[in-house]
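To start, the structure under review is shown below, and the notes come after it.
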Amino acid sequence: QVQLVESGGGLVQAGGSLRLSCAASGSIFSINAMGWYRQAPGKKRELVAYITRGRTSNYADSVKGRFTISRDNAKNTVYLQMNSLKSEDTAVYYCNDLDKSYDWGQGTQVTVSS
């Protein structure tokens with residue numbers, strides 16, 4: 001069973017950038033699509049971006065043009081580069097595959113101050 005550990009969150013001013021990492025304890029090479037999710041206080045967890053094994057990516061409209069997802073299969077790591085951050089991006093960020101097959105990690109908190 002793959003375990004997922006998210007890191008890289010923090011406090012940043014609006015307009016700033018952060019790079020999140022999701023390290024898997026096992027190989028992600030065979031996982032077709034890995035995604036980044038987020039959950040803001042009082043809201044449901046939502047998918048913000050995913051990337052397929054062939055490195056095709058897809059983004060929620062709310063982050064399109066600002067976030068970039070990538071994966072390094074050799075390092076078993078998925079990244080989320082977040083630029084032009086907005087206060088509405090404040091949330092706990094998690095990674096998982098699109099079927100949410102794995103136990104959720106602890107997430108990483110992103111707080112954007114306006």
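For the reader, a short list of remarks on this structure follows.
- Of residues in the stretch 1-19 being at pLDDT below 95 and loosely packed, with under 15 Cβ neighbours inside 10 Å, the one farthest from residue 86 (Cα to Cα): 1
- Candidates are the residues of the stretch 42-84 that are open to solvent by 60 Å² or more (accessible area, probe 1.4 Å) and of a type in the set (Asp, Glu); the one that is farthest from residue 20 (Cα to Cα) is 61.
- Hits in the stretch 6-25 (condition: within 10 Å of the chain's Cα centre (by Cα) and of a type in the set (S, T, N, Q)): 7, 21
- Among residues of the stretch 94-112 that are more than 28 Å from residue 15 (Cα to Cα), those with a beta-carbon under 8 Å from a residue that is open to solvent by 50 Å² or more (accessible area, probe 1.4 Å) and among the aliphatic types (A, V, I, L, M) at least six positions away or on a different chain give the pairs 98/47.
- When the test is whether a residue is part of a loop (DSSP other than H, G, I, E, B), without any contact (Cβ under 8 Å) to a residue 40 or more places away in the chain and not charged (D, E, K, R), residue 26 does not pass it.
- Some residue of the stretch 57-73 being of a type outside the set (S, T, N, Q) and touching a helix residue (DSSP H, G or I) at 6+ places or on another chain (Cβ under 6 Å): no
The values are calculated or read from the model by the stated rules, or taken from the named source; none is laboratory data. Keep in mind it's a predicted model, so treat the numbers as computed, not measured. Don't worry about glycine lacking a Cβ; one is built from the backbone with ideal geometry, like all the others, and counts go over all protein chains shown. Ligands, DNA and RNA are excluded from the accessible area calculation, which covers all protein heavy atoms including side chains. Shrake-Rupley method; radii C 1.70, N 1.55, O 1.52, S 1.80 Å.
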